[in-house]
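Some notes on the structure that comes next.
The values are calculated or read from the model by the stated rules, or taken from the named source; none is laboratory data. This structure is a prediction, so every number in the text was calculated from the model and none was measured. Cβ coordinates were reconstructed from backbone atoms using ideal geometry, including for glycine residues, and neighbour counts include every protein chain displayed.
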Amino acid sequence: MSLEALLQLFFVTSVVAGMPDAERATWEVLLCTDAAEESIGCRNAQKIKYSLLCATKKYYDQLAKSAANMQPPIVMPVPQGISKWIDYTKIADPAVTGEPEAAAPERVLPKVIAYDESGVPEMTQDSKVQEDAAEVDIPLPWREWHASAAAQDIDKQASEMAAITMALRALHTAPQLRGAPVDVVLSGSNQKPVAVAVAEIKTAVLDLPACALKSAKISASSTHPHRMPIVVKHVAHTVPRRLAGKAEAEKVERLFESETTYYVHPEFKGPESVKPAVTGEAAASSGAREWKWAGDETMHPCWAEQRMTNDELQKKTVTEPHARYPAKFNVTQVTAEFNTVTIGQLNGENVSCNMAVSVPVLTNPGTIKKGELLVMELTAPARTTKRKATNWKDDVVSTKAKARTAPKAKAKSKDYLSANVV
């Protein structure tokens, strides 16, 4: 009731009504805020009235000064009855008397509901006085963070994928790819692209890298049946060692920190066929076309070679005995290593990052005849038979079904001829 009585004294006076709107709004907010904070934070109920008077005296003095300056002057009301305790004459002004300002009453933090280990709330009151914290600089452990494994590996995957992209970029731009004795043709009624040998290819002469021009085709994990793995190794450092008996020769041993396997997916997109470049019988015999280029084509022969299981190849041989391009397993997958290296200096010391990228490359373990399809063998996925979960009800139904379908036993007939007659 003390807070309500005090605020009523301020707001019922005509002096407040005579203030400008902006000044009155600011004055009311500050008055209510200070009075409410004092009422809530004061711990001694016996001194609540005195604390309220101390906290709002400056607002009373401001109001009294405004009342005296009005024409005609207004006399501040004197509280009576239960509000008689509101007497600001008992509150000394330190600026006039020279006395030190009274210490502000002790305030406590609001009640916080804490829970013990068993989940039961602990209804405790914080007794620590909230004080203004001193300005203290708190150092952050950035050196410890930088030395941690989590910080060192924060961009590991992104940098490894970038190293793969650089290696594939180097392979994609290599002009010797265009010298491969392989053509890619649209074969069959479905116009599926296939890779065909245009000349006899001697053993281990073919080199077709698995180039993926789109970074989205590089995945950290994959279940694609035609995926190709690319292994990235971090090279820690190299150790040169001289061979015994040969002072001029050196053997370089590389030490690896870790390796990660990524996967690239097939990507093949040819230009759009507009119309034959020639007409008549020449068009049918030559297969020449006019093409419409969109700029997003990708036609590496590696992704045009056929991949089949042994069963699929046997089926193709039986169903297409006179195929235009004979098919047999003549391509296998090997790896070629490329290094992505970054070298520089920081504070006068060398800084380097070396990654070895193992890219899959298609080659031929034997001679490929002219006109043969390029076919690589795929391992047939293991077949797993899922057994349906059953319970006792299913067993009863199964038993009854077997009993209905089982042949009935014939009744035995008596042999009257062989029976003994007495």
> Mind checking which residues of the stretch 370-399 are in contact with a Pro (Cβ under 8 Å, 6 or more places away or on another chain) and modelled with pLDDT of 90 or more?
Replying inline: Gly371, Glu372, Leu373, Leu374
> Out of Asp183, Asp132, which single residue is of a type in the set (D, E, K, R) and either modelled with pLDDT under 90 or outside any strand (DSSP E or B) (or both)?
Replying inline: Asp132
>> Being over 60 Å from the mean Cα position of the chain (by Cα), modelled with pLDDT of 60 or more and either within 30 Å of Val16 (Cα to Cα) or surrounded by 14 or more Cβ atoms within 10 Å (Cβ to Cβ) (or both) narrows it down to one residue among Val75, Val96; which is it?
In response: Val75
> Out of the stretch 330-361, which residues are within 18 Å of Pro209 (Cα to Cα) and among the hydrophobic types (A, V, I, L, M, F, W, C)?
Replying inline: Val331, Val334, Ala336, Phe338, Ala356, Val357, Val359, Val361
> Within the stretch 296-318, which residues are among the hydrophobic types (A, V, I, L, M, F, W, C) and either assigned to a strand (DSSP E or B) or within 27 Å of His172 (Cβ to Cβ) (or both)?
Replying inline: Met299, Cys302, Trp303, Ala304, Met308
> Can you pull out the residues in the stretch 291-328 that are under 28 Å from Pro271 (Cβ atoms), of a type in the set (Asp, Glu) and surrounded by 11 or more Cβ atoms within 10 Å (Cβ to Cβ)?
Replying inline: Glu297, Glu305, Glu320
